[in-house]
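The values are calculated or read from the model by the stated rules, or taken from the named source; none is laboratory data. Quick caveat: nothing in here was measured; it's all calculated off a predicted structure. We place every Cβ from the backbone using ideal geometry, glycine too, and count neighbours over all the protein chains shown. Just so you know, the surface numbers come from the protein's heavy atoms only, side chains and all, with ligands and any DNA or RNA stripped out. Shrake-Rupley method; radii C 1.70, N 1.55, O 1.52, S 1.80 Å.
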Amino acid sequence: RDCVLATVSKAGTALQCASVELKGDKEVVLAAVRNYGNALKFADDAIQADKEVQTRAKEAYLENLKREDCRGAYKLLKDSPMVISKDQACLLATLQKTGRQRSNFGQDFAA
């Protein structure tokens, strides 16, 4: 557990390789989503529904978005779990970053 916790803290996407048990461990998932918001999609369904975890994932998404260019920002949103892609703040920040209109993103991202 400690090894996985340390790893996901530095590379949130590593959560996808964690055991089913650790994907359901709130502390491990929080560490992953603090590093990379979209790591939420690799977590257990019950943990994905946790409001604290969702909030941390959205905050991290917005931080991750700052490091992306236009194409990267679109891909980041496209690859994000629904709780992020349907979030008004995340969607609007991505729209601003990409310079696209909401209609250009299609129905998948309609908040």
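Name the single residue, out of those in segment 12-25 being open to solvent by 40 Å² or more (accessible area, probe 1.4 Å) and of a type outside the set (Ser, Thr, Tyr), that is farthest from LYS75 (Cα to Cα).
GLU21
Do the conditions hold for VAL83, that is, is it among the β-branched types (Val, Ile, Thr), farther than 20 Å from VAL4 by Cα, in contact with a helix residue (DSSP H, G or I) (Cβ under 8 Å, 6 or more places away or on another chain) and part of a helix (DSSP H, G or I)? Full working, then the answer.
Numbers: among the β-branched types (Val, Ile, Thr): yes; farther than 20 Å from VAL4 by Cα: yes; in contact with a helix residue (DSSP H, G or I) (Cβ under 8 Å, 6 or more places away or on another chain): yes; part of a helix (DSSP H, G or I): yes.
When the stated conditions are applied, VAL83 passes them.
If we scan segment 40-59, do we find a residue that is over 9 Å from the mean Cα position of the chain (by Cα), acidic (Asp, Glu), part of a helix (DSSP H, G or I) and under 24 Å from LEU91 (Cα atoms)?
The answer is yes, given that some residue of segment 40-59 is over 9 Å from the mean Cα position of the chain (by Cα), acidic (Asp, Glu), part of a helix (DSSP H, G or I) and under 24 Å from LEU91 (Cα atoms).
Considering every residue within segment 64-73, establish whether at least one is in contact (Cβ under 8 Å) with a residue 40 or more places away in the chain and outside any loop (DSSP other than H, G, I, E, B).
No: zero hits.
Counting just the residues of segment 54-75 that are at pLDDT 90 or above and open to solvent by less than 30 Å² (accessible area, probe 1.4 Å), which one comes out farthest from ALA11 (Cα to Cα)?
The qualifying residue farthest from ALA11 (Cα to Cα) is GLN54.
Examine segment 26-37 for a residue that is open to solvent by less than 60 Å² (accessible area, probe 1.4 Å), within 14 Å of the chain's Cα centre (by Cα) and polar (S, T, N, Q), and state whether such a residue exists.
yes
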